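The values are calculated or read from the model by the stated rules, or taken from the named source; none is laboratory data. Bear in mind that the values here come from a model prediction, so they are computed numbers and not experimental data. Here Cβ is always computed from backbone atoms with ideal geometry, including for glycine, and neighbour counts include all displayed protein chains.
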């Protein structure tokens, strides 16, 4: 990332790319420091840059998990879900990376060419291009508990342990990732998600049950159609919590 941030060509990586069959992307996902130097540095650089340039929604989904400390099974499930998906595409990218001396602007993909493609607007890690949850507008159908893309429902409360708040969101076909977020308020709310029907205390697809109201669920390649959320008090109650959703 340092090379890209400083707009420098990583000559050693360009040299390594002369053999595009040396490592597959799925092999690079399993790189550790005990592997050889070129795999750890030059090839990992290429793998990371490829993911930022060509599959940024997957990177954002990973970040949403790891920021919440969801490494196992969260990160592991994310990795297993994409492990073998991009091997052929990565090889073609490496060939183009080599042919253009590290300039991938002409190498295609879904992301537009950028001068510094790792630190670009729209990546939520750089502080630019993504609206903070607290600055999102109220969803147009918030009164009916319906979330939308990049909007929020506020004032969610459950005064007793047996109470629940219920929300829905309708996801279009072809969505790469869906992120559901709780924040703010008082008390302790847990978040439960299920596709195609209402979740229950023990019947759900995903859950976020950390202490406090900062909860995030990320669903990779969610099914098109209705998704359902339940907000449940961890012990006694919660008040004035807000929920938001983002997909891409």
Seminar exercise, completed: Turns out the strands (runs of 3 or more DSSP E) fully within the range 164-204 with at least 2 residues that are buried (at least 16 other Cβ atoms within 10 Å of the Cβ) and modelled with pLDDT under 95 are 177-183, 186-195
Exercise. In this structure, is residue 62 without any contact (Cβ under 8 Å) to a residue 60 or more places away in the chain and closer than 30 Å to residue 214 by Cβ?
Worked result: yes
Exercise. Are there any pairs with C-beta distances below 8 angstrom linking a residue in the range 138-159 that is within 22 Å of residue 237 (Cα to Cα) to a residue that is in a helix (DSSP H, G or I), with the two at least 6 apart or on different chains, and if so which?
Worked result: 152/133; 152/142; 153/142; 154/142
Exercise. Within the range 215-238, can you find the residues that are under 25 Å from residue 140 (Cβ atoms) and either without any contact (Cβ under 8 Å) to a residue 24 or more places away in the chain or surrounded by fewer than 16 Cβ atoms within 10 Å (Cβ to Cβ) (or both)?
Worked result: 223, 224, 225, 226
